[in-house]
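Throughout, read-outs are computed from the coordinates displayed, never taken from laboratory work. Please read all numbers here as calculations on a predicted model, not as lab measurements. Cβ placement follows ideal geometry from the backbone for every residue including glycine, while neighbour counts extend to all protein chains displayed.
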Amino acid sequence: KLPIIIDCDTGTDDAIAIIAALYAPQFDLRAITTVAGNVALKYTSQNTLNLVRYLGFDTKVAVGAPQPIKSDIIHSGDDTHGDTGMGTVVLPKAEGSFYEKTAIETIIEEARAMKGELVLIPIGPMTNIALAIMAYPELKTLIKEIIFMGGAMRGGNMTSVAEFNAWADPEALSIVLNSGIPCKMIGLDVTEKAIMKQEDADYYRGLGTRAGQVVADLLEFMFVRFNAGKEDALMHDGLAVAVAADPDIVETKRYYVDCECAGTYTRGHTYVAYKDFFFKKGERPELCDVALDLDLPRFKDFLRNSIIHSVET
Ligand code: BDR
Ligand code: CA
């Protein structure tokens with residue numbers, strides 16, 4: 001089984017990604033670490049703990065950074081994820097507590113224990129991962145791969161050129177992309193094609209399990225959160241988890257990628273160097289696989305084949 005840590009800002013689609021990871025037979029989910037993003041850290045952390053315990057798992061949940069490295073703390077600022085991040089879903093407050101170590105300590109602890117096999121799946125702003133790399137440079141050789149939801153080769157959802165996770169902490173993303181650790185960017189180029197519909201919500205509700213019901217409730221919140229019923233639900237974060245289990249769900253090309261930290265209009269833009277023939281050889285190492293196309297049925301199969309296991313537990 002692939003040892004993974006999910007780093008998240010739960011978050012409606014983060015919650016669905018976590019549920020898939022909890023049940024997917026391909027993973028050994030070592031820990032979940034939390035970060036400020038969609039909503040404040042106290043909510044992203046409590047939402048994550050509540051969810052994991054409600055589903056009966058004792059997975060470690062470690063609390064991370066309350067704010068980005070340099071940006072003022074900024075949440076999505078609208079009702080994208082509801083007031084506290086879980087849409088209309090209200091879960092019982094979890095029994096028990098957070099893991100005693102911080103997100104950064106948990107990442108280095110698991111990276112050492114897994115001896116080079118650990119894969120990180122950040123699905124929120126990259127703050128924790130960057131801080132961990134700065135505190136423990138040995139992570140550069142201990143982390144096998146970072147498969148992250150964030151950025152876009154073209155376009156954005158916070159500005160014309162910046163995706164939310166990249167925009168929320170550009171300095172952190174730049175540190176990670178330049179760390180030398182192999183990365184896979186699951187950006188808006190593919191996540192905006194990861195569309196869920198009412199028939200998907202009906203399927204999950206039909207499972208008759210706690211997990212199925214939470215997924216269906218979150219999806220139905222996402223369907224109506226803007227102009228009643230006009231928007232389908234995009235599974236940004238679930239796609240990053242899915243690709244960790246089944247890389248063939250996306251087509252990728254390897255490039256040098258950085259995140260713009262300056263720029264009057266372009267802060268938070270993920271710059272994919274696909275026409276920069278003037279870089280000297282080796283000057284900009286091509287270490288980031290950028291996802292460019294998606295096999296949607298294969299992705300949906302992954303989600304269903306994972307969450308189906310909630311029926312047996
Ligand atoms: C990303 O931003 C958040 O709102 C989602 O959870 C996802 O991680 C998409 O831009
Ligand atoms: Ca997220």
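Helical content alone sets the calculated 222 nm signal of the chain at -10500 deg cm²/dmol, taking -39,500 (n - 2.57) per DSSP H segment of four or more residues and averaging over every residue. With both labels modelled 7 Å from their Cα along Cα-to-Cβ, the Lys197 to Ala273 distance reads 4.2 nm. Angle of helix 296-307 to the longest C-alpha principal axis of the chain, folded into 0 to 90 degrees and rounded to 10: 50°. Backbone N atoms of the range 86-125 closer than 13 Å to the 7 Å Cα→Cβ label point of Gln213 belong to residues 89-92.
A run of the chain free of exposed loop cleavage sites, with trypsin sites (Lys or Arg not before Pro) counted only in DSSP states other than H, G, I, E and B and at most 14 other beta carbons within 10 Å, reaches its longest extent at 2-69. Computed extension length for Val311-Asp232: 25.9 nm, one decimal, from 0.36 nm per residue of separation with the Cα-Cα distance subtracted. For the pair Met134 and Thr88 in one chain, pulling the backbone fully straight at 0.36 nm per residue adds 12.8 nm over the alpha carbon distance. Each Cα pair under 8 Å and six or more residues apart adds its separation to the average, and for the range 174-285 the resulting relative contact order is 24 percent. The modelled label-to-label distance for the pair Lys42/Ala262, using points 7 Å beyond Cα in the direction of Cβ, is 3.8 nm. Between the range 71-143 and the range 1-45, the alpha-carbon centres lie 8 Å apart.
So how tilted is helix 236-245 from the main axis of the chain? Cα-based, degrees 0 to 90, rounded to 10. The helix 236-245 is inclined about 80 degrees to the chain.
Neighbour counts of other Cβ atoms within 10 Å put Ser310, Ser97, Ser179, Ser45 in the fewest-to-most order Ser97, Ser179, Ser310, Ser45.
For the range 191-311, lysine pairs separated by 8 or more sequence positions, or belonging to different chains, with Cα-Cα distances below 23 Å total 10.
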